Amino acid sequence: MIVLKSPREIEQMHEAGKLLAATHKEIAKMIKPGVTTWDIEVFVDEFLKKHGATPEQKGYRGYKYATCASINDEICHGFPRKEALKQGDIVTIDMVVNLNGALADSAWSYGVGEVSEETQKLLDVTKASLYKGIEQVKVGNRIGDIGHAIQTYAEAQGFSVVRDFIGHGIGPSIHEKPEVPHFGLPGKGARIKEGMVFTIEPMINVGHWASKMDSNAWTARTMDGSLSAQYEHTIAVTKDGIKILTEQE
C-alpha cells in the first residue's frame, strides 16, 4: 500500500532534506586525494548531531554506519573505511537523515581530484539521468515513465542502468511503497498522485549493469569491475507540483 503524505508531513520531510543537502555541500568541500571515507563518516555523524538530527540508517537491519560510502566499482552500500581516496576515484556518499521523526534520503557521487574524461562523462550522465527521471514526476503519469526516461537517456550515452537496486517510497520508515525502478516501459506501474513521496536514485555503470554482492552481505559492486555512479533525491508530489526535498541548489 502506498501511504500518501499530508502537506505538514511533506514540510517536515523538507526540513530534513534541507539539512541533508547542507551536509552534502560540506562533504563536497572535503573531497580530495588523501581524505578517507571514515573522515566523512565521522563528520556526518557529528554534523547531524550538532543540528539535532540522527543518521537513520545507523542500526537499520544491523548496518553500523551513518553513511554508505561506495568507491569506484562499488555500486552501493559500501562501508566507510580508513583507506585514502586517490586521484581519479569516484566516491558516492549516501545517507538518510532523521530530523524530529521526518526522513530524507539522498546520495551524491564525487570525483576525487582530476578524473578521466570517461569518469567525468559517467558523473555527468548519471546526474542528468536523475533529473530526466524527475521530469516525469507529474500527477497522472506512472512510475514506469520515470525509469523509462532514465534508461533511454543513459543507454543512449553508452552506459548501463543497474537493475538490482531501485528507488522507493519514504516516510516514517526508510523503505515504503512504491518501488521506483530506473529502467522499464512507460505507462506501467503505480499512477503518480498528490501526496506521494519517493526517491529516484539511478545507479549507472560504464560497463554491464549486472552486480555482485561482497562477503559483508551489504556492498554491491559491478560484476565486470567497471565504474559506477549514483545520484539520488527525495521527491514529493504536492498540489503545487513536485518538490525536490533534498535539492542542493
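The values are calculated or read from the model by the stated rules, or taken from the named source; none is laboratory data. Since we're looking at a predicted model, the values are computed, not measured. Backbone-built Cβ (ideal geometry, glycine too); neighbour counts: all protein chains shown. SASA here: full protein model, heavy atoms, side chains in, ligands and nucleic acids out. Shrake-Rupley method; radii C 1.70, N 1.55, O 1.52, S 1.80 Å.
Assorted remarks:
- Sole exception among (1) part of a helix (DSSP H, G or I); (2) closer than 28 Å to Thr222 by Cβ for Lys32, by number: (1)
- Among the numbered conditions (1) touching a Phe, Trp or Tyr at 6+ places or on another chain (Cβ under 9 Å); (2) farther than 18 Å from Arg142 by Cα; (3) in contact (Cβ under 8 Å) with a residue 60 or more places away in the chain; (4) not aromatic (Phe, Trp, Tyr), the only one that Met223 does not meet is (3).
- Verdict on Gly78 being at pLDDT 95 or above, open to solvent by 20 Å² or more (accessible area, probe 1.4 Å) and not charged (D, E, K, R): no
- Those strands (runs of 3 or more DSSP E) lying entirely in the range 128-240 with at least 1 residues under 23 Å from Ala102 (Cβ atoms), open to solvent by 60 Å² or more (accessible area, probe 1.4 Å) and in contact with a helix residue (DSSP H, G or I) (Cβ under 8 Å, 6 or more places away or on another chain): 176-180
- Residues that are more than 19 Å from the chain's Cα centre (by Cα) and of a type in the set (A, V, I, L, M, F, W, C), drawn from the range 137-169: Val139, Ala156
- Val91 being open to solvent by less than 30 Å² (accessible area, probe 1.4 Å), over 26 Å from Ala236 (Cβ atoms) and of a type in the set (Val, Ile, Thr): yes
- Candidate set: the range 1-34, residues that are without any contact (Cβ under 8 Å) to a residue 12 or more places away in the chain and more than 13 Å from Ala104 (Cα to Cα); chosen: the one most open to solvent (accessible area, probe 1.4 Å): Arg8
- Number of residues in the range 111-140 that are under 30 Å from Glu194 (Cβ atoms) and of a type in the set (Ser, Thr, Tyr): the value is 3.
- Those residues of the range 41-62 which are open to solvent by less than 30 Å² (accessible area, probe 1.4 Å), of a type in the set (A, V, I, L, M) and either under 14 Å from Leu103 (Cα atoms) or more than 19 Å from the chain's Cα centre (by Cα) (or both), in sequence order: Leu48, Ala53
- Elements of type strands (runs of 3 or more DSSP E) contained in the range 39-111, each with 3 or more residues being under 23 Å from Gly17 (Cβ atoms): 68-71, 90-99, 102-111
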